[in-house]
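In what follows, a single structure is set out as structure tokens and then discussed.
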Amino acid sequence: MEGKKYGIQSVIVFVIAQIAWLTLVVLWVYLYLSNYIIVKRALLGLSIKILAGRINILVLIGGFFLLLMILGGMYFIFIFLAKQVDTTRAYDNFIANVTHELKSPLASIQLHLETLKKRNVEREKQSELIDLMLRDTERLRGLIDTILNISMIEQRKMVYNFEVYDIRETIIPVINEIASCVKLNTGRIEVEGMPEGKVLLDLDAFKIVVRNLVENAVKYSVGELRLIIKLYVKHNKFYLDFVDNGIGISPKDRKRIFNKFSRLESKNIPNVKGTGLGLYMVKEIVRGHRGKIDVWSEGEGKGSTFQVVFPLFKEKKAKKNTGK
């Protein structure tokens, strides 16, 4: 949709630029002819010379103005083409990454199935191989769900099942559960804070947000991960701060990190795999909940903080019946 919008705008600007260019050429031709006629009629008097001078100035100013319009139009078209090139490159990377993400678990499942078929595997080993295959199928399902969710978000067909949840009773246990599932052996994930309040959420979509942010911290960390999820309530809003000790984010990447297909490329972690859709989906889900997400970092190698904000649910007070 965004590319289509820029495409229509670029066509309009191009047409306007061409009209401005032709108009400029006509005016300059008129300027040349008028100067020729003025010189030829110089003997007719001073008044004609003054009038011609005024006309020449107006034509000159108009010519410069139209030239600026042409330059502005060409600049706009150049920016659009640059965006299209970046989008095409990002889309090609997305296709390559998705292909890799699909082939890897499929190859693993195929290898385990061939092992079970051709060899007399002990029961304990069979159970281990089945667990590995289930893990790979879950990975495939997650990737397919991500692509489908992005498609629904793009088409504005994402339907949220909103319900009111208590932060202490439901939200915090969900966050703890996701953190414990994603945690690596060398990792350390902590949840801090026990705020009170209620929020209006689609719980499944909320889980996607938390899981993506946790996995993002794990993916972009070097050495032993330390991730602190801080929960607190302030100004009738529910805050979740994901503070990690990862590779950090440069100022130029901070502006584009939530764009579709965008992935950080760092010399510290050259082999990070992914589709570039995780943070984009997080942003769209948070926006669908009337929330906000932001990120900041002190620089590369100094960790990052992703902050998600949801409005607190306010219960409407029942009106008291006043009898006469």
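The values are calculated or read from the model by the stated rules, or taken from the named source; none is laboratory data. In this text, all values refer to a predicted model and were calculated from it rather than measured experimentally. Every residue, glycine as well, gets a Cβ built from its backbone with ideal geometry; the counts of neighbours run over all protein chains shown.
Let me spell it out: the conditions are (1) surrounded by 13 or more Cβ atoms within 10 Å (Cβ to Cβ); (2) outside the structural domain of ARG290 (by TED's automatic domain parsing), and VAL159 meets all of them except one. Which number is the exception?
(1)
Just a yes or no: is a residue in the range 185-202 exposed (fewer than 15 other Cβ atoms within 10 Å of the Cβ), touching a strand residue (DSSP E or B) at 6+ places or on another chain (Cβ under 7 Å), in a helix (DSSP H, G or I) and of a type outside the set (Phe, Trp, Tyr)?
No - not one qualifying residue is present in the range 185-202.
Provide a single number: the residues in the range 210-236 that are charged (D, E, K, R) and farther than 17 Å from ILE175 by Cβ.
Adding up the residues that qualify gives 3.
Do we find a residue being modelled with pLDDT of 70 or more, basic (Lys, Arg) and farther than 25 Å from ASP145 by Cβ anywhere in the range 269-292?
no
For the range 227-251, enumerate the residues that are more than 12 Å from GLY303 (Cβ to Cβ) and aromatic (Phe, Trp, Tyr).
Correct list: TYR232, PHE238, TYR239.
Spot the failing condition for VAL164; the list is (1) within 29 Å of SER304 (Cα to Cα); (2) touching a Phe, Trp or Tyr at 6+ places or on another chain (Cβ under 6 Å), and only one is missed.
That leaves (1) as the condition not met.
Out of the range 224-254, which residues are in contact (Cβ under 8 Å) with a residue 12 or more places away in the chain and in a loop (DSSP other than H, G, I, E, B)?
Scanning the range 224-254 gives GLU224, LEU225, ASN236, ASN245, GLY246, ILE247, GLY248, ILE249, SER250.
In the range 193-202, is there at least one residue being under 26 Å from GLU300 (Cβ atoms) and free of Cβ contacts under 8 Å to residues at least 60 places away in the same chain? Break it down into steps so the answer makes sense when it comes.
Residues of the range 193-202 under 26 Å from GLU300 (Cβ atoms): none.
Within the range 193-202 (the criterion being under 26 Å from GLU300 (Cβ atoms) and free of Cβ contacts under 8 Å to residues at least 60 places away in the same chain), the answer is no, since none of the residues qualifies.
Tell me the residue from ILE95, ILE57 that is modelled with pLDDT under 75 and within 20 Å of ARG139 (Cα to Cα), please.
ILE95
For ILE171, only one of the following conditions fails: (1) part of a loop (DSSP other than H, G, I, E, B); (2) assigned by TED's automatic domain parsing to the domain that holds TYR239; (3) surrounded by 15 or more Cβ atoms within 10 Å (Cβ to Cβ). What is its number?
Of the numbered conditions (1) part of a loop (DSSP other than H, G, I, E, B); (2) assigned by TED's automatic domain parsing to the domain that holds TYR239; (3) surrounded by 15 or more Cβ atoms within 10 Å (Cβ to Cβ), the odd one out for ILE171 is (1).
Return yes when ASP244 is of a type in the set (Asp, Glu), modelled with pLDDT of 80 or more and in contact with a Leu (Cβ under 9 Å, 6 or more places away or on another chain) and no when it is not.
Numbers: of a type in the set (Asp, Glu): yes; modelled with pLDDT of 80 or more: yes; in contact with a Leu (Cβ under 9 Å, 6 or more places away or on another chain): yes.
It is true that ASP244 is of a type in the set (Asp, Glu), modelled with pLDDT of 80 or more and in contact with a Leu (Cβ under 9 Å, 6 or more places away or on another chain).
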